[in-house]
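One structure below.
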Amino acid sequence: MKPSLKKNYTAYINGGFVPSQGAVFAATNPATGEHLAHIARCNAADVDTAVQAAQRALPGWKATSYEERAALLNRLADALEKELPRLALIDALDVGRRIAETRLDHQKAIAQYRYFAGAILTHEDYGRPIPDGYLMVKREPMGVVGQIIPWNVPALMVALKVAPALAAGNTLVLKPDENASLSTLEFAEIAGGIFPPGVLNVVPGFGEEVGAALTAHPKVAKLAFTGSPEVGRIIAHAGAERLVPVSLELGGKSPNIVFPDADDLDAVVDNALFAALYCNGQSCLAGTRLFVHDDIYASFVDKLASAASRLKVGNPLDESAHLSCLVSAKQGKRVLEYIGIGKAEGAKVLFGGERESVAGCEAGYFIQPTLLEVRHGMRVEQEEIFGPVLSILRWSDYEQMLKEANGVPYGLAAGLYTADLENAMRTADALEAGSVWINQYFNLSSGVPFGGVKESGIGMEHGRETLNIYSRVKSVTVRNRVIEPWYLG
Ligand code: ADP
């Protein structure tokens, strides 16, 4: 199966792919090593051209009515729906993820465009009459927004950034990840046929080159980033340097807590594996630390290992596979290294832990679902691995368990399973996380905001709050006639 791809991709600026004579890099299928396309390795000059195009487009786009923006976002969603099978296949080949998952990514992404088309229509300015006039409190777009995204879920990462920022009236320069640029460049062309030229520009390339140039550009009025805390800090510094607002969606090491009274432990087992292994574990929201109560520990862990043994690791295009290929050899080696670190720290491997060979995909890093029995404080329990590795902790004392659940630098999400509503709500309140899911894991329905506390980031995405991080407030006081200054009495 091969989607139609261009041989060469360049930056998409001002409504078209711009010619590029510069360096290129290769997009490669991580499962097979097969070459997919060449992509321009853009530089600071390309970023400047893109920012200028976005600046020229800003007054026109800012002046569009909310209805017009909503209509165009819905048209984009319609166009993406038609292209969904092709775009999902591109992502499966480019990133190594299961095609069933990349299809879902695109469905969730499309839902974002539709959600923000609706949300902007309810994004009301407000005001009140004052003597001889009126006070208005308006929301304005920030201006040209620079956005930088990672490789793990390309379609959704694009949608989480693009949909609210365009709905709020900004123009954009977006940098995809060097490991996953193809579907974003295809997306740029589709969106370019719908939005006015310059409203959405995509500049591919490397972080230290394009990313750094975008964050430092004096005309970029807001920065939005998803990726590692290390790079998040660099971007926050760049924002501080120019005093522009920065929103950050960074890593996670989310706890998933099993109470002994959970009503269906088999369903909890499925949730625990789904939480840790979806996306091959390459998700910042993954529930990678499973806290299992002492009373049920032995039987629960047995069920978990036996369910893990039934999961199929397979070709990204295999519809029956549950796990597939990691995004790159670098990432694969990193995950195996972490498993080694865990063993050296005294973690017990309850299942998996090895690289697996998949026929026809010998180049790929396929790693077994891996269950590690750990203690709080081990590196595998503290650091984000971004692979199919679940750390399991046994708990008996509630307060101690909470301390350990919160005892990581991150605070993105948390899951918990109990039949006791009061316990559920009390625990949800005590967990340091931007999202808490009770008796399920992941809720990515439209409009459910997510974002992190502590080192997991600043600002919420995926909900109507996001319109606020892409707009600023202006108050306007209008008097019907010139009045005396108040300090004269
Ligand atoms: P991951 O660990 O998921 O690869 P990174 O934080 O390394 O995440 O990268 C996420 C995004 O940030 C990518 O698009 C990458 O190119 C970009 N990036 C990396 N370094 C920088 C930098 N110094 N400045 C701006 N962007 C960067």
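What to note about this one:
- Here the alpha carbons of the chain define both size measures, Rg and Dmax, at 23.8, 86 Å.
- Spatial offset of segment 121-139 relative to segment 379-434 amounts to 43 Å, using the alpha carbon center of each.
- Compactness relative to 2.2 N^0.38 Å, alpha carbon Rg of segment 13-165: 1.31
- Of all DSSP beta bridges confined to the chain, the antiparallel ones make up roughly 45%.
- Exposure rank, largest accessible area first [17, 25; 1.4 Å]: 17, 25
- Ligands, DNA and RNA are left out, and with a 1.4 angstrom probe the accessible area of segment 255-438 is 39 Å² per residue.
- Highest average packing first - 292-299, 209-216, Cβ atoms within 10 Å: 209-216, 292-299
- Equivalent ellipsoid of segment 358-413: semi-axes from √(5λ) of the C-alpha gyration tensor, largest first, are 30, 12, 8 Å.
- Normalised per residue, the volume of the convex hull around the Cα set of segment 158-296 (Å³): 155
- Cα-only radius of gyration and Dmax that characterise segment 62-106, units Å: 14.1, 41
- In this structure, the amide hydrogen of residue 291, modeled 1.01 Å from its nitrogen in the peptide plane, lies closer than 5 angstrom to those of 256, 257, 258, 393, counting only residues at least 5 positions away or on a different chain.
- The alpha-carbon of residue 474 sits under 28 angstrom from the alpha-carbons of these lysines, leaving out residues fewer than 8 places away in its chain: 62, 138, 161, 219, 222.
- Residue (of 137, 449, 235) at the positive-pole extreme of the chain, dipole from beta-carbon charges: 137
- Rounded to two decimals, the Cα-based Rg/Rh of segment 6-87, with Kirkwood Rh, is 1.07.
- Charged-residue dipole, Cβ positions (Lys, Arg, Asp, Glu), the chain about Cα centre, Debye nearest 20: 1560
- Overall size of segment 370-489 from C-alpha positions, given as principal axis extents largest first: 74, 33, 30 Å.
- Relative contact order %, the chain, counting alpha carbon pairs below 8 Å whose residues are six or more apart: 18
- Computed over segment 255-438, the quotient of the alpha carbon radius of gyration and 2.2 N^0.38 Å is 1.00.
- Residue-averaged 222 nm ellipticity for the chain, from DSSP H runs of 4+ at -39500 (n - 2.57), nearest 500: -12000 deg cm²/dmol
- Counted over all Cα-Cα pairs of segment 142-226, pairs farther apart than 22 Å make up 15 percent.
The values are calculated or read from the model by the stated rules, or taken from the named source; none is laboratory data. A quick note: this is a predicted structure, and the numbers were derived from the prediction, not measured. Quick reminder, even Gly has a Cβ in these numbers, built from the backbone with ideal geometry, and neighbours come from all protein chains shown. With ligands, DNA and RNA removed, areas are computed over all heavy atoms of the protein, side chains included. Shrake-Rupley method; radii C 1.70, N 1.55, O 1.52, S 1.80 Å.
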